Every structure is written in structure tokens, then in C-alpha cells.
Amino acid sequence: MAAHAAINTTANRLLNFLSPDNRAILAPHLERVSMVPREVLEHPDQTIERIYFPEDGVASVVGATPSMGAHEIGLIGKEGMTGLMVVLGNTRTPLQTIVQIAGSALAMDTEQLRKAMAKSPAMRDVMLMYVQVFLLQTGSTALANAAALLPQRLARWLVMCEDRLTSKHIPITHELLSIMLGVQRPGVTIVMNELEERGLIKGERGLVHILDRGTLIQLANGSYGMAEKEYERLFGRPQH
């Protein structure tokens, strides 16, 4: 598919929010690619070579230390982009960005994005607005990790994943959930079974079906919604 056609048919909300002129600046440099589970999009402390605008699928931003292990601090999907450090004028990050749920993205070389933002301050402003929302998301994650119970954190995570997918069916395993939430797998299994008994989700091997989004949001007990409301204020209401 030609680059111009790709950007005109993309599901990425950040690209769709750009003006036609700014979309035209990016179009020649965008390539539709597949995002494969466990694919590393950004390596810690290495130069960021490519920027990804997901159309479907979910990537996790992960922080790690030798003493505390690896923990997810943010999610990126069709609402946004990778390479936030590039938007802020840097070339690398100590964090890792890794694909958790397969999908597609429009990708471009980092240098081309730099040139595009230099050419259009309005484009840079839009991308800085997304950086603002992502910072709120990471703050909400820190608050949830510090104060929320596992059922609340799990409900929040499932709703956030659904926000970023084109389906209510989330391809995820209990093992991966335990890694992302930084808890033991048996605890995840117990809570998932409880959610299923309440009719909020339906689980199959490697797949979770969202049945009652509204109650999941209530169960999240305020840990979901701050960053999402800010995104809605800046970019408009998402469609579910």
C-alpha cells in the first residue's frame, strides 16, 4: 500500500488528529508494518531508530533494575506513538518498549520525524500533547501500584488494553499478566476466576473476552480514567 493511502486509512488516532498538511508531510515516510509479540521496539540506552504509530495491538513501556526486576509502567496503542523521548529532543531512553499484543503500525525513521517536527511546530505540539497524556498514564500506574488492590489493577489493565484494540477479545495469558502487573501468577488466576464468576469477563486459553466494561471501570475504583479524560479533552472522545 502506498504511504499516502496508508495514512489516509490508518486507525491510529494521533495521526488522524493531525491536519491534512501535517499528514502530508509524514505520508511519504510511513510504512505499514506488523508488530510481533515480544518484538522490542526500543532498547534501553540505545539510539531510537524508528517511530511506531500503532493501528492495532499493544506495546508496553517497561522499566527494570537488577534489584527490582522488570515492571510495566505504560501502554501504547492506536491512541499514540512510540519514541516519546525523540519528541522531547532526545535520542535514547533507559526504558524498553516491547510488543505485548500483536497488531500493525505505521513506522518511520526517527530522523524523518525530527525533520517533520522541525518543519511543522504544530505537529510537534500535537505530539507533545500526547506526551502529556502518557505522563499522566504513568502517574496513574504508579498510584495504582502503590494503593490499589490486585482486582482493581487487573480491571484497569484489561480496560486499558481494550481501549487500544479493535476487539473486545484480548489475547493475553495469566503468565504475561503476572509479569506486567508485577505479581505472582496464582494471584492473577484467582482474580481472573473471580471476574469470570461475576460475569465481567470470559476466559479461554490465551484469550480474555470483555463482557462488562462498565463494571470493570467501577471495579478499578478510580485508578482508570485520569489520563483517559485528559486524552479525550485534547483529542476527542474515543469510540468503543
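Hey, residue 128 hits all of (1) closer than 16 Å to residue 73 by Cβ; (2) free of Cβ contacts under 8 Å to residues at least 60 places away in the same chain but one; which does it fall short on?
Here residue 128 meets the rest and fails (1).
What is the residue count in region 1-45 for residues that are of a type in the set (Val, Ile, Thr), crowded, with 16+ Cβ neighbours inside 10 Å and modelled with pLDDT under 95?
Total satisfying the criteria: 2.
With a cut-off of at least 1 residues that are in contact with a Cys (Cβ under 8 Å, 6 or more places away or on another chain), name the strands (runs of 3 or more DSSP E) lying wholly within region 9-71.
Details: elements: 31-35, 40-42, 50-54, 58-65.
Correct list: 58-65.
Scan region 158-184 residue by residue and report those that are touching a residue at least 60 places away in the same chain (Cβ under 8 Å) and in a helix (DSSP H, G or I). Spell out the reasoning first.
Here is the first cut: in region 158-184, the ones touching a residue at least 60 places away in the same chain (Cβ under 8 Å) are 159-166, 170-172, 176, 179-182.
Once the filter is applied, which keeps residues that are touching a residue at least 60 places away in the same chain (Cβ under 8 Å) and in a helix (DSSP H, G or I), region 158-184 yields 159, 160, 161, 162, 163, 176, 179, 180, 181.
Go through region 88-103 and give me each residue that's hydroxyl-bearing (Ser, Thr, Tyr) and within 13 Å of the chain's Cα centre (by Cα).
Looking only at region 88-103, we keep the residues that are hydroxyl-bearing (Ser, Thr, Tyr), and these are 91, 93, 97.
Passing the criteria: only 97.
Here is a yes/no grid of residues against (1) hydrophobic (A, V, I, L, M, F, W, C); (2) touching a residue at least 24 places away in the same chain (Cβ under 8 Å); (3) out of contact with any helix residue (DSSP H, G or I) (no Cβ under 9 Å at 6 or more places or on another chain):
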site	(1), (2), (3)
25	yes, yes, no
41	yes, yes, yes
49	no, yes, no
58	yes, yes, no
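Checking the condition outside any loop (DSSP other than H, G, I, E, B), closer than 13 Å to residue 51 by Cα and aliphatic (A, V, I, L, M), which residue from 108, 81, 123 passes?
Working: 81 fails: outside any loop (DSSP other than H, G, I, E, B); 123 fails: closer than 13 Å to residue 51 by Cα.
Selected residue: 108, the only one of 108, 81, 123 that is outside any loop (DSSP other than H, G, I, E, B), closer than 13 Å to residue 51 by Cα and aliphatic (A, V, I, L, M).
Looking at region 46-54, can you tell me whether even one residue there is in the same structural domain as residue 11 (by TED's automatic domain parsing) and either at pLDDT below 95 or charged (D, E, K, R) (or both)?
Yes: region 46-54 contains one or more residues that are in the same structural domain as residue 11 (by TED's automatic domain parsing) and either at pLDDT below 95 or charged (D, E, K, R) (or both).
Can you tell me how many residues within region 88-117 are touching a Leu at 6+ places or on another chain (Cβ under 7 Å), closer than 17 Å to residue 30 by Cα and free of Cβ contacts under 8 Å to residues at least 60 places away in the same chain?
0
Limited to region 218-238, what total is found for residues that are more than 17 Å from residue 80 (Cα to Cα) and assigned to a loop (DSSP other than H, G, I, E, B)?
Within region 218-238, the first condition is being more than 17 Å from residue 80 (Cα to Cα), and the residues that meet it are 218-224.
Keeping just the survivors that are assigned to a loop (DSSP other than H, G, I, E, B) gives 220-224.
Residues meeting the conditions: 5.
Of the conditions (1) surrounded by 14 or more Cβ atoms within 10 Å (Cβ to Cβ); (2) more than 21 Å from residue 130 (Cβ to Cβ), residue 86 satisfies every one except a single condition; which number is it?
(2)
Any residue in region 185-204 that's farther than 12 Å from residue 216 by Cα and without any contact (Cβ under 8 Å) to a residue 12 or more places away in the chain: show its pairings with residues that are among the hydroxyl-bearing types (Ser, Thr, Tyr) and surrounded by 15 or more Cβ atoms within 10 Å (Cβ to Cβ) at Cβ separation under 7 Å, as long as the two are six or more apart or on different chains.
That search, which allows pairs on different chains as well, returns 185/178.
The values are calculated or read from the model by the stated rules, or taken from the named source; none is laboratory data. Here the structure is a predicted model, which means the values were calculated and not measured. Ideal geometry is used to build each Cβ from the backbone, glycine not excepted, and the neighbour counts take in all protein chains shown.
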